[in-house]
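Asker: Next up is a structure, given as structure tokens.
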Amino acid sequence: MKDYTTSADVLIVGAGPTGLTLACDLARRGVDCRVVDQAEGPSTASRAKTIQPRALEVADDLGVIDRVLQLGAVHVPTRHYDHDRVTSEAVEAAIGTAGPGVPYAPVWLSQPMFEQILRDRLTELGGRVAWGSTVATVQEDGDAVEVSVRTATGEQRIRARYVVGCDGGRSLVRRQIGATLEGVSYGDHRWWLGDVRIQGLDRHCQHLWMSPEHGILSLFPLPSTDLWQFQASIPADDPNPVQPSLDLFRRILADRAGLTAVTIADADWLSLYKINVCLVDRYRIGRVFLAGDAAHIHSPAGGQGMNTGIQDAYNLGWKLAAVLGGADPALLDTYELERRPVARAVLDDSTARLHAVMRATGEGDGSSAQRGLTGDFTTGLTIAYPDSPLTSPLPDSDNARVRPGDRAPDAEGVQPGSSRTVRVFDLLRGPHWTLVTFDHGHPAPQSTIDNPLAVPLRTVRITTDITATGPDVVLDTDGQIHRIYDIGEDSAVLIRPDSYIATRFPIRRDDPATPRTTARTAQTS
Ligand SMILES: Cc1cc2nc3c(=O)[nH]c(=O)nc-3n(C[C@H](O)[C@H](O)[C@H](O)COP(=O)(O)OP(=O)(O)OC[C@H]3O[C@@H](n4cnc5c(N)ncnc54)[C@H](O)[C@@H]3O)c2cc1C
């Protein structure tokens, strides 16, 4: 058995959606990072199957959105049944649509396919996952963390400046650093779940049975595969549910659906799933961070687990890169300050949705049960960091709709001298901060666009003056960008690398102050 030591700036433990998002983000910023996973290879079990609008915006920034849209499906209708009789079929209105400011509606795509897309991107960026590598111990040691990793060829020691535990609900990293996961297990909310092949069923929609006697049965066609995700609620009064099997799934289909021409041919994955609702007390202890399911676990109602993990990673990535590049390490404290309250809200929301769905099912009201699964909150677009130290609040007199701490919305303008459409997201895409100045004819004075923070900063002028020219100028010919950003007087908006607004302020031409950014901790030391 060999025992050897290597080093990395960041060690990511776990190559699920959280770890892979973080790895892609760090790799594109040129950070020396390693990803290890105890599994011998990627999981093929479907699990999460919705990528919410905000996570799609992350996918856009990471350069994988085209592949996601190519393989995924939007607006999958739901066909409701009363036993073998179809009662309705519709696309659930509450699910959300794309439009000005919001380029992506939720996309249905199974977790393994999304992970594959991220792994491909990581490979393009020069990274890879070390499979068959189980982290056994994690110990902070001065200015680094010592991690022991077991592989088939021996034990490896990795010294990393930072470690991020993206190692899922049973996180070893969490236990090693002494963080506590607090919460409850909903023993009476259990599901049989699996990936099956079905013959005789129309694949253009989800098929859903909800009844007081039988509970819920959902058959969802997983896009770009020949598989269906099978989900059946286990009766609350069943103290010892049987283990999942193909025969059991066939029996449930016959009992709850009674569609004699429909058969389950085989299965790739069968499981019994119990709902836990838990949140970790600390997201960071010293040089070790927790993200994704390692930090929060909740009900799948609302489809938030994978999506919240993706956003944890996206919040942490640019901060780690900045600190490794010389920024004040206090920047890293804002990760827990910003993300833990979001997880708390996700837990509360998904638990409330779970109870509402079970109640409506008990009352035999399948449509309202289905409606209760989604809403504005589940899109991820309303998440905001108004109280973060990185956010500079507006003066009380300013009632702008788009405020510091909010997500920066998308909008469309035109490139000068051409009819090419330019999206705000085209300007934000990449690892930099963005200072956007808005004007109606007079460019902002140079002092507004100086970069006192010395952070990687892209400056862009958005103007309604259609005679303006220049490489970083966008013509807002019909005023859409001004409207969506709620810009009255000429203003500047400073946008963080993760596309949240740090500050906005009016441009004073007579008293040209430098940007009033309070992104103090991003300042290089
Ligand atoms: C049945 C089911 C249905 C779900 N439905 C949805 C849904 O509809 N929508 C949604 O958003 N979410 C859903 N989820 C949740 C979603 O699957 C998780 O939130 C998501 O997988 C979390 O990603 P993660 O990267 O944080 O952790 P994981 O995906 O759990 O990845 C953790 C990785 O860490 C590795 N690992 C663990 N320990 C070690 C170690 N000691 N050393 C090295 N590697 C280690 C594991 O092998 C694993 O690959 C569902 C989950 C389940 C189980």
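The values are calculated or read from the model by the stated rules, or taken from the named source; none is laboratory data. Everything quoted here is computed from the prediction, not taken from an experiment. Here the Cβ is made from the backbone with ideal geometry for all residues, glycine too, and neighbour counts use every protein chain on show. Calculation scope for accessible area: heavy atoms of the full protein, side chains included, ligands and nucleic acids excluded. Shrake-Rupley method; radii C 1.70, N 1.55, O 1.52, S 1.80 Å.
Asker: Would you confirm, using the coordinates I've provided, whether Asp226 is open to solvent by 30 Å² or more (accessible area, probe 1.4 Å) and in contact with a Cys (Cβ under 9 Å, 6 or more places away or on another chain)?
Answerer: no
Asker: Select from region 2-22 the residues that are crowded, with 24+ Cβ neighbours inside 10 Å and either of a type in the set (S, T, N, Q) or within 11 Å of the ligand (Cβ to nearest atom) (or both) and list them in ascending order.
Answerer: Selection gives Leu11, Ile12, Val13, Gly14, Ala15, Gly16, Pro17, Thr18, Gly19, Leu20, Thr21, Leu22.
Asker: If you don't mind, there's one more thing I want to ask. For region 234-243, check the following and say yes or no: at least one residue is open to solvent by 10 Å² or more (accessible area, probe 1.4 Å), outside any loop (DSSP other than H, G, I, E, B) and within 16 Å of the ligand (Cβ to nearest atom).
Answerer: No, region 234-243 contains no residue that is open to solvent by 10 Å² or more (accessible area, probe 1.4 Å), outside any loop (DSSP other than H, G, I, E, B) and within 16 Å of the ligand (Cβ to nearest atom).
Asker: Looking at (1) in contact with a strand residue (DSSP E or B) (Cβ under 9 Å, 6 or more places away or on another chain); (2) of a type outside the set (Val, Ile, Thr); (3) under 16 Å from Asp293 (Cα atoms); (4) open to solvent by 70 Å² or more (accessible area, probe 1.4 Å), can you tell me which one Ser171 breaks?
Answerer: Here Ser171 meets the rest and fails (4).
Asker: Moving on. Suppose we filter Ile275, Ile264 for residues that are within 12 Å of the ligand (Cβ to nearest atom) and either open to solvent by less than 20 Å² (accessible area, probe 1.4 Å) or in a loop (DSSP other than H, G, I, E, B) (or both); which single one remains?
Answerer: Ile275
Asker: Within region 429-479, how many residues turn out to be modelled with pLDDT of 95 or more, more than 25 Å from Leu390 (Cα to Cα) and hydrophobic (A, V, I, L, M, F, W, C)?
Answerer: Looking only at that region, the number is 4.
Asker: Scan region 35-57 and report the pairs whose first residue is free of Cβ contacts under 8 Å to residues at least 12 places away in the same chain and whose second residue is within 6 Å of the ligand (Cβ to nearest atom) and not in a helix (DSSP H, G or I), with Cβ atoms within less than 7 Å and a gap of 6+ or a chain change.
Answerer: As it stands, the answer is none, since no pair meets every condition given.
Asker: Now a separate question. If we keep just the residues of region 123-133 that are surrounded by fewer than 22 Cβ atoms within 10 Å (Cβ to Cβ) and closer than 23 Å to Lys319 by Cβ, which is farthest from the ligand (Cβ to nearest atom)?
Answerer: Gly126
Asker: Tell me which residues, restricted to region 281-300, are among the hydrophobic types (A, V, I, L, M, F, W, C) and closer than 23 Å to Ala144 by Cα.
Answerer: Scanning region 281-300 gives Ile285, Val288, Phe289, Leu290, Ala291, Ala294, Ala295.
Asker: From the list Asp120, Asp60, which one is open to solvent by 10 Å² or more (accessible area, probe 1.4 Å) and in a helix (DSSP H, G or I)?
Answerer: The unique qualifying residue is Asp120.
Okay, residues lined up against (1) farther than 30 Å from Arg203 by Cβ; (2) modelled with pLDDT of 95 or more:
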{"residue": "Thr6", "(1), (2)": "yes, no"}
{"residue": "Leu26", "(1), (2)": "yes, yes"}
{"residue": "Val31", "(1), (2)": "yes, yes"}
{"residue": "Thr44", "(1), (2)": "no, yes"}
{"residue": "His75", "(1), (2)": "no, no"}
{"residue": "Ala90", "(1), (2)": "no, no"}
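Asker: Between Gly317, Gly302, Gly258, which is surrounded by fewer than 24 Cβ atoms within 10 Å (Cβ to Cβ), over 22 Å from Thr225 (Cβ atoms) and either in contact (Cβ under 8 Å) with a residue 24 or more places away in the chain or acidic (Asp, Glu) (or both)?
Answerer: Gly258
Asker: With region 134-217 as the region, which strands (runs of 3 or more DSSP E) entirely inside it contain at least 2 residues that are within 16 Å of the ligand (Cβ to nearest atom) and at pLDDT 95 or above?
Answerer: Once the strands (runs of 3 or more DSSP E) in region 134-217 are filtered for at least 2 residues that are within 16 Å of the ligand (Cβ to nearest atom) and at pLDDT 95 or above, what remains is 134-141, 144-151, 154-165, 181-199.
Asker: Exactly one condition in (1) closer than 25 Å to Arg429 by Cβ; (2) of a type in the set (Val, Ile, Thr); (3) buried (at least 19 other Cβ atoms within 10 Å of the Cβ) is false for Val74; which is it?
Answerer: Here Val74 clears every test but (3).
Asker: Could you count how many residues in region 138-168 are open to solvent by 60 Å² or more (accessible area, probe 1.4 Å) and either hydrophobic (A, V, I, L, M, F, W, C) or in contact with a helix residue (DSSP H, G or I) (Cβ under 9 Å, 6 or more places away or on another chain) (or both)?
Answerer: 4
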